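Participant: Dropping the structure in here first, questions after.
The values are calculated or read from the model by the stated rules, or taken from the named source; none is laboratory data. In this text, all values refer to a predicted model and were calculated from it rather than measured experimentally. Positions of Cβ are backbone-derived with ideal geometry, glycine not excepted, and every protein chain shown enters the neighbour counts. Please note that ligands, DNA and RNA were not included when accessible areas were found on the heavy atoms of the full protein model with its side chains. Shrake-Rupley method; radii C 1.70, N 1.55, O 1.52, S 1.80 Å.
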Amino acid sequence: PRGRARPRMESQRLRLRRVQIEMRRRDEEEVRRFGNLVTHSPKLKRVFDLLARVAETSFPVIVQGESGTGKELLAKAIHYSSLRREEPFVPMNCAAVPETLLDSEPLGYQAGAFTGAVRGHKGLFEQADKGTLFLDEIEEMSAAMQGKLLRVLQEGEVRRVGGKATVKVDVRVIAATNKDIQLMVEQGEFRRDLYYRLNVIPVTIPPLRERMEDLEALIQDLLVRVGRPRRL
């Protein structure tokens, strides 16, 4: 009966809201830990100094670094230190999205756009409106989707799959990659115009082997987190 379905839907919305609040709390805790890190590495100090300046703007950012260097954590730190901190931080892993969803996931779709689309769905750009969209592994994005991303960045609007009208969005894009994206551009594997549109503020995170002076502090921090605070 319809009367029973409405309270159930409201209960589901409340559970979703609680999950979103908890995720936000964890994100902010991660960022606070990031901001409190003390580094002895001149390379990482320059990254931290750049972080403070980047956060004050709404320009796109490309974060480059090897796997495990903390690219998403840095993206969160930029978002939660910016004027957009009260708005959504929406992540998308370009390598994890199936080819069939590469349009509908970021752009959304209208009801009836394809079999099973019984109602319209906001894409990630609309979900991130006024906030930040984090695109991880940007190098895995298809050429067609690169073109659509470029259009969103240029026009500030999206058109849902199966839709005719456009929707205005105000989104800051932070992209991340563990590849030499400039080399991919030179080899024709990534759109040059999109690269220059995204690469307004490039940030490179140095791997640990280039900042061994931080190794002891990192080990101490890990020991504290697992409940074994002690000096080496």
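Participant: Is region 138-152 home to any residue that is more than 25 Å from A52 (Cα to Cα) and hydroxyl-bearing (S, T, Y)?
Facilitator: Taking every residue of region 138-152 in turn, at least one turns out to be more than 25 Å from A52 (Cα to Cα) and hydroxyl-bearing (S, T, Y).
Participant: Can you name the condition, by its number, that L153 falls short on among (1) within 27 Å of G108 (Cβ to Cβ); (2) in contact (Cβ under 8 Å) with a residue 60 or more places away in the chain; (3) not in a helix (DSSP H, G or I); (4) not charged (D, E, K, R)?
Facilitator: (3)
Participant: Among A143, A96, which is the only one that is within 18 Å of A176 (Cα to Cα), open to solvent by 70 Å² or more (accessible area, probe 1.4 Å) and within 14 Å of the chain's Cα centre (by Cα)?
Facilitator: The conditions single out A96.
Participant: Related question: Identify all residues within region 173-196 that are aromatic (F, W, Y) and either touching a Gly at 6+ places or on another chain (Cβ under 6 Å) or surrounded by 16 or more Cβ atoms within 10 Å (Cβ to Cβ) (or both); write none if there are none.
Facilitator: Answer for region 173-196, where residues must be aromatic (F, W, Y) and either touching a Gly at 6+ places or on another chain (Cβ under 6 Å) or surrounded by 16 or more Cβ atoms within 10 Å (Cβ to Cβ) (or both): F190, Y195.
Participant: OK, next. Would you confirm, using the coordinates I've provided, whether E86 is at pLDDT 85 or above, open to solvent by less than 90 Å² (accessible area, probe 1.4 Å) and of a type in the set (D, E, K, R)?
Facilitator: no
Participant: Just one of D170, D214 is touching a residue at least 12 places away in the same chain (Cβ under 8 Å), in a loop (DSSP other than H, G, I, E, B), open to solvent by less than 70 Å² (accessible area, probe 1.4 Å) and closer than 26 Å to I78 by Cα; which is it?
Facilitator: D170
Let's see how each residue does on (1) hydrophobic (A, V, I, L, M, F, W, C); (2) over 27 Å from E87 (Cβ atoms):
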{"site": "E155", "(1), (2)": "no, no"}
{"site": "R159", "(1), (2)": "no, no"}
{"site": "K168", "(1), (2)": "no, no"}
{"site": "R172", "(1), (2)": "no, no"}
{"site": "A176", "(1), (2)": "yes, no"}
{"site": "D180", "(1), (2)": "no, yes"}
{"site": "V185", "(1), (2)": "yes, yes"}
{"site": "G188", "(1), (2)": "no, yes"}
{"site": "R197", "(1), (2)": "no, no"}
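Participant: Which one is farthest from V171 (Cα to Cα), of the residues in region 38-67 that are touching a residue at least 60 places away in the same chain (Cβ under 8 Å) and either among the aromatic types (F, W, Y) or out of contact with any strand residue (DSSP E or B) (no Cβ under 9 Å at 6 or more places or on another chain) (or both)?
Facilitator: Across region 38-67, the extreme among qualifying residues is H40.
Participant: Hey, any hits in region 56-63 for a residue that's of a type in the set (V, I, T), assigned to a helix (DSSP H, G or I) and either modelled with pLDDT under 90 or farther than 20 Å from Y196 by Cα (or both)?
Facilitator: no
Participant: On the basis of being open to solvent by 40 Å² or more (accessible area, probe 1.4 Å) and within 16 Å of the chain's Cα centre (by Cα), does D136 make the cut?
Facilitator: Answer is no for this residue.
Participant: I'd like to check something: does region 113-127 contain any residue that is loosely packed, with under 14 Cβ neighbours inside 10 Å and either in contact with a Lys or Arg (Cβ under 9 Å, 6 or more places away or on another chain) or assigned to a helix (DSSP H, G or I) (or both)?
Facilitator: For region 113-127, residues loosely packed, with under 14 Cβ neighbours inside 10 Å and either in contact with a Lys or Arg (Cβ under 9 Å, 6 or more places away or on another chain) or assigned to a helix (DSSP H, G or I) (or both): absent.
Participant: Can you tell me which residues in region 181-195 are farther than 16 Å from L135 by Cα and either part of a helix (DSSP H, G or I) or not small (G, A, S) (or both)?
Facilitator: Q182, L183, M184, V185, E186, Q187, E189, R192, D193, listed by residue number.
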